[in-house]
(Lines give C-alpha, C1' and ligand atoms only; values in the text may rest on other atoms or scores of the structure.)
Protein backbone atom coordinates (compact mmCIF):
# COMPACT_ATOMS: atom_id res chain seq x y z
CA UNK A 1 0.00 0.00 0.00
CA UNK A 2 1.46 3.36 -1.01
CA UNK A 3 1.89 6.40 1.18
CA UNK A 4 -0.59 8.26 -1.01
CA UNK A 5 -3.21 5.55 -0.52
CA UNK A 6 -2.77 5.51 3.24
CA UNK A 7 -2.96 9.30 3.66
CA UNK A 8 -5.93 9.52 1.28
CA UNK A 9 -7.72 6.87 3.31
CA UNK A 10 -7.03 8.75 6.55
CA UNK A 11 -8.38 11.99 5.10
CA UNK A 12 -11.45 10.30 3.62
CA UNK A 13 -12.59 8.74 6.88
CA UNK A 14 -16.11 9.65 7.94
CA UNK A 15 -14.58 11.81 10.67
CA UNK A 16 -12.09 13.48 8.33
CA UNK A 17 -11.55 16.35 10.71
CA UNK A 18 -10.04 13.92 13.20
CA UNK A 19 -7.38 13.14 10.58
CA UNK A 20 -6.15 16.74 10.56
CA UNK A 21 -3.59 16.33 13.37
CA UNK A 22 -2.08 13.34 11.54
CA UNK A 23 -1.96 15.29 8.29
CA UNK A 24 -0.36 18.28 10.01
CA UNK A 25 2.31 15.99 11.47
CA UNK A 26 2.85 14.50 8.01
CA UNK A 27 3.87 17.95 6.72
CA UNK A 28 7.15 17.44 8.61
CA UNK A 29 7.77 13.89 7.47
CA UNK A 30 11.27 13.24 6.12
CA UNK A 31 9.87 11.56 2.99
CA UNK A 32 8.78 14.04 0.33
CA UNK A 33 5.89 11.87 -0.90
CA UNK A 34 4.32 11.98 2.55
CA UNK A 35 4.61 15.78 2.68
CA UNK A 36 3.21 16.08 -0.84
CA UNK A 37 0.18 13.94 -0.06
CA UNK A 38 -0.45 15.69 3.26
CA UNK A 39 -0.63 19.04 1.46
CA UNK A 40 -3.02 17.56 -1.10
CA UNK A 41 -5.31 16.12 1.57
CA UNK A 42 -5.36 19.27 3.69
CA UNK A 43 -6.30 21.17 0.54
CA UNK A 44 -9.13 18.71 -0.13
CA UNK A 45 -10.38 19.30 3.42
CA UNK A 46 -10.09 23.07 2.82
CA UNK A 47 -8.45 23.40 6.22
CA UNK A 48 -7.30 27.03 6.18
CA UNK A 49 -5.68 26.95 9.66
CA UNK A 50 -3.01 24.68 8.13
CA UNK A 51 -1.72 27.48 5.89
CA UNK A 52 0.95 28.70 8.35
CA UNK A 53 2.25 25.12 8.59
CA UNK A 54 2.14 24.66 4.82
CA UNK A 55 3.81 27.96 3.89
CA UNK A 56 7.38 26.78 4.73
CA UNK A 57 6.92 24.00 2.18
CA UNK A 58 7.14 26.67 -0.53
CA UNK A 59 10.88 26.26 0.00
CA UNK A 60 10.82 22.44 0.13
CA UNK A 61 13.78 20.78 -1.55
CA UNK A 62 11.48 18.57 -3.64
CA UNK A 63 9.73 20.07 -6.64
CA UNK A 64 6.72 17.76 -6.29
CA UNK A 65 5.98 19.12 -2.81
CA UNK A 66 6.23 22.74 -4.00
CA UNK A 67 4.01 21.92 -6.97
CA UNK A 68 1.16 20.97 -4.61
CA UNK A 69 1.09 24.51 -3.26
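The values are calculated or read from the model by the stated rules, or taken from the named source; none is laboratory data. Quick caveat: nothing in here was measured; it's all calculated off a predicted structure. Using ideal geometry, Cβ is built from the backbone for each residue, glycine included, and neighbour counts are taken over all protein chains shown.
Looking at the structure I just gave you, is residue 66 part of a helix (DSSP H, G or I), within 10 Å of the chain's Cα centre (by Cα), surrounded by 14 or more Cβ atoms within 10 Å (Cβ to Cβ) and at pLDDT 85 or above? In short, no. Within the range 52-61, the presence of a residue that is out of contact with any helix residue (DSSP H, G or I) (no Cβ under 8 Å at 6 or more places or on another chain), assigned to a helix (DSSP H, G or I) and in contact (Cβ under 8 Å) with a residue 12 or more places away in the chain is excluded.
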